[in-house]
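Peer 1: Dropping a structure here in structure tokens format, bear with me for questions.
The values are calculated or read from the model by the stated rules, or taken from the named source; none is laboratory data. Because the structure is a prediction, the values reported are computed rather than measured. Please note: Cβ atoms are built from the backbone with ideal geometry, for glycine as well, and neighbour counts cover all protein chains shown. With ligands, DNA and RNA removed, areas are computed over all heavy atoms of the protein, side chains included. Shrake-Rupley method; radii C 1.70, N 1.55, O 1.52, S 1.80 Å.
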Amino acid sequence: MLEILMPELDDAPEILARFEHSLYSMAKWEAKFHLPFYETVSEMTLPQTQEYVRMMCVNEDQIPNFTRRF
């Protein structure tokens, strides 16, 4: 598991986001994009990559805060 701590910044609160690369997150990505993950990973578009980062986030309540600041 990867943990990223983003400190408090101006009016944004501190964020601790946890990410886990798993078969579950890959399956969610494949279901959304109708593409095989491993055959596409080297050619992913920016929106596809951003979506996979969202799908790897374990604490989903932090996704909106994290993606706004990332």
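Peer 1: Report, by residue number, each residue of the range 17-35 that is assigned to a strand (DSSP E or B) and more than 11 Å from residue 52 (Cβ to Cβ). Lay out the reasoning, then the answer.
Peer 2: Here is the first cut: in the range 17-35, the residues assigned to a strand (DSSP E or B) are 17-19.
Listed by number, the residues that qualify are 17, 18.
Peer 1: Scanning the range 21-31 for residues that are touching a helix residue (DSSP H, G or I) at 6+ places or on another chain (Cβ under 7 Å) and of a type outside the set (S, T, N, Q), which turns out surrounded by the fewest Cβ atoms within 10 Å (Cβ to Cβ)? Before you say what the answer is, go through the steps one by one.
Peer 2: Our first condition is that a residue be touching a helix residue (DSSP H, G or I) at 6+ places or on another chain (Cβ under 7 Å); within the range 21-31, this holds for 21, 25-26, 28-30.
Next, only the ones that are of a type outside the set (S, T, N, Q) stay: 21, 26, 28-30.
Working: 21: 12, 26: 17, 28: 17, 29: 21, 30: 14.
Looking at residues that are touching a helix residue (DSSP H, G or I) at 6+ places or on another chain (Cβ under 7 Å) and of a type outside the set (S, T, N, Q), I get 21.
Peer 1: Of the numbered conditions (1) open to solvent by 50 Å² or more (accessible area, probe 1.4 Å); (2) within 17 Å of residue 2 (Cα to Cα); (3) free of Cβ contacts under 8 Å to residues at least 40 places away in the same chain; (4) not β-branched (Val, Ile, Thr), residue 18 satisfies every one except a single condition; which is it?
Peer 2: (3)
Peer 1: Given the conditions (1) part of a helix (DSSP H, G or I); (2) modelled with pLDDT under 90, and given that residue 38 satisfies all but one, which numbered condition is not satisfied?
Peer 2: Looking at each condition in turn, residue 38 falls short on (2).
Peer 1: In the range 38-61, how many residues are without any contact (Cβ under 8 Å) to a residue 12 or more places away in the chain and surrounded by 16 or more Cβ atoms within 10 Å (Cβ to Cβ)?
Peer 2: 1
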